[in-house]
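Down below is the structure, laid out as structure tokens.
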Amino acid sequence: MSDNQNPLGFTPNEMMTIAASRALRNDDVCFVGIGAPSAACNVARLTHAPDITLIYESGTIGTAPDVLPLSIGDGELCETAVTTVAVPEMFRYWLQGGRISIGFLGAAQLDKFGNINTTVIGDYFHPKTRLPGGGGAPEIATSSKQVYITMAQTKRGMVEKIDFFTSFGHGEGGDHRKRLGIDTAGPTLLITDLAIWKPDPVTKEFTVGSLHPGVTRQQVQETCGWVVKFAEALDETPAPSELELRTLRDLQARTKAAHEGTGKEKAA
């Protein structure tokens with residue numbers, strides 16, 4: 001991408017985070033995953049969706065962190081929350097009770113039907129890599145009214161067949177969720193560092209609906225492990241605004257300072 005196309009100098013990761021943040025509404029109740037989902041949700045809160053309700057797995061409700069949390073147990077979440085409830089109440093009353101409009105998740109591996117693996121790479125009993133696991137993601141994936149997924153594109157991450165089913169998306173596609181008695185919508189949006197994807201209404205296979213500025217179809221295909229389908233009317237994602245970019249960068253700078261400390265603090 002030329003400087004003329006990108007005068008603000010945003011990175012693919014910044015484009016991904018800001019595109020993801022735009023998908024959230026002011027009245028959403030969002031169950032937030034750590035990492036990229038957390039960054040996107042808090043950028044939304046600090047820009048166009050100040051009244052969004054952010055909920056984290058540790059039981060914090062209506063949290064408004066000044067810096068991004070390192071984990072669901074980060075004290076920043078509890079200190080800035082409207083209230084904190086027990087984890088069983090969080091899952092039973094809020095999540096399984098149908099009070100979460102958006103579950104926002106990341107993925108180590110993802111297939112074209114939105115099934116997520118965050119458990120293991122390779123054979124389960126003889127893994128190449130053991131991942132952190134599901135945490136509350138399996139419940140979020142089935143009980144949230146909708147699920148948004150955000151991840152950087154690589155052929156290792158976006159695969160034809162995931163090594164382990166951690167969080168159920170659309171299964172084998174079509175009406176698989178319905179046949180299993182799952183009445184929520186499942187994954188309705190995938191935001192990567194290259195594009196925005198939505199599931200086909202019938203097959204539920206993710207289809208590219210919008211390319212980020214300067215990104216080509218070839219780039220998307222080269223970083224995906226399945227044959228990519230593109231919408232007939234392919235859009236271009238609007239570039240980040242100066243406000244969006246400044247908000248994200250300020251948030252990341254505060255987070256870095258809080259977690260790493262200043263040079264003076266380290267010396268002391």
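Values quoted throughout were computed directly from the atomic coordinates according to the rules given, and no laboratory measurement underlies them. Bear in mind that the values here come from a model prediction, so they are computed numbers and not experimental data. Note that we place each Cβ from the backbone using ideal geometry, even for glycine, and neighbour counts take in every protein chain shown.
May I ask you to list pairs of residues, at least six apart or on different chains, whose Cβ atoms are under 7 Å apart, with the first in the range 210-232 being closer than 19 Å to residue 9 by Cβ and touching a residue at least 60 places away in the same chain (Cβ under 8 Å) and the second being buried (at least 19 other Cβ atoms within 10 Å of the Cβ) and not hydrophobic (A, V, I, L, M, F, W, C)?
Cβ pairs passing all conditions: 212/237; 213/237.
Look at the range 186-206 and say how many of its residues are assigned to a loop (DSSP other than H, G, I, E, B) and either in contact with a Pro (Cβ under 9 Å, 6 or more places away or on another chain) or under 21 Å from residue 121 (Cα atoms) (or both).
6
Looking only at the range 143-156, which residues are under 24 Å from residue 57 (Cα atoms) and either in a loop (DSSP other than H, G, I, E, B) or among the basic types (Lys, Arg) (or both)?
144, 145, 151, 152
Just checking, which of 215, 227 is among the β-branched types (Val, Ile, Thr) and surrounded by 16 or more Cβ atoms within 10 Å (Cβ to Cβ)?
Matching residue, one of 215, 227: 215.
I'd like the full set of residues that are out of contact with any Pro (no Cβ under 7 Å at 6 or more places or on another chain), of a type in the set (Val, Ile, Thr) and closer than 30 Å to residue 200 by Cβ, limited to the range 79-136.
Once the filter is applied, which keeps residues that are out of contact with any Pro (no Cβ under 7 Å at 6 or more places or on another chain), of a type in the set (Val, Ile, Thr) and closer than 30 Å to residue 200 by Cβ, the range 79-136 yields 100, 102, 116, 119.
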